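Structure, as structure tokens:
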């Protein structure tokens, strides 16, 4: 319910559902739409926001380059928020030695990279990386690369397919990307354990 309300917020502010006028990035509401979309992606770590739908809309509404930039910024901010929240876990809650019962182990860089398009897993790994005190630089490299690829795929699908009316294909391509990435991440995590 909260998710649906948050997703409808840009449409309420902009004043219409997607259409020819809505997809035009030339009117004065485009910056507001960009800010709201970026914000939705940033709070994805706290609320169940479907990042693929938001990214598609950013690409369709703002065009490939601006849509990609807003999408990437929102995804990275979400990862940083998750990492920061994980770092807030008091040390007394964490065991003093890695691998001790109750101590989270830092996720691998590959796991963080591959998890970006997988709902819930990406946010959980960001929180875990922070709690496990993974070096921020390593976290940002792996999360940033995953975010960049994911943002490119979904914003490009939105920019190229939604304005032409290929709604089904625009939704199926990112979902297929998510399914393949989820499968690869699951296989990788199974091999690691």
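The values are calculated or read from the model by the stated rules, or taken from the named source; none is laboratory data. Being a predicted model, the structure only gives us computed values, none of them experimental. Cβ placement follows ideal geometry from the backbone for every residue including glycine, while neighbour counts extend to all protein chains displayed.
Counting only residues that are surrounded by fewer than 17 Cβ atoms within 10 Å (Cβ to Cβ) and free of Cβ contacts under 8 Å to residues at least 40 places away in the same chain, how many does segment 37-68 have?
3
Quick one: is residue 86 under 14 Å from residue 40 (Cα atoms) and in a helix (DSSP H, G or I)?
no
Matching residues to (1) over 14 Å from residue 122 (Cβ atoms); (2) modelled with pLDDT under 90; (3) assigned to a helix (DSSP H, G or I):
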position	(1), (2), (3)
8	yes, yes, yes
12	yes, yes, yes
25	yes, yes, no
38	yes, no, yes
48	no, yes, no
58	yes, no, yes
61	yes, yes, yes
65	yes, no, yes
80	no, no, yes
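If a residue has to be under 18 Å from residue 42 (Cβ atoms) and more than 11 Å from the chain's Cα centre (by Cα) to count, how many in segment 134-151 make the cut?
Total satisfying the criteria: 3.
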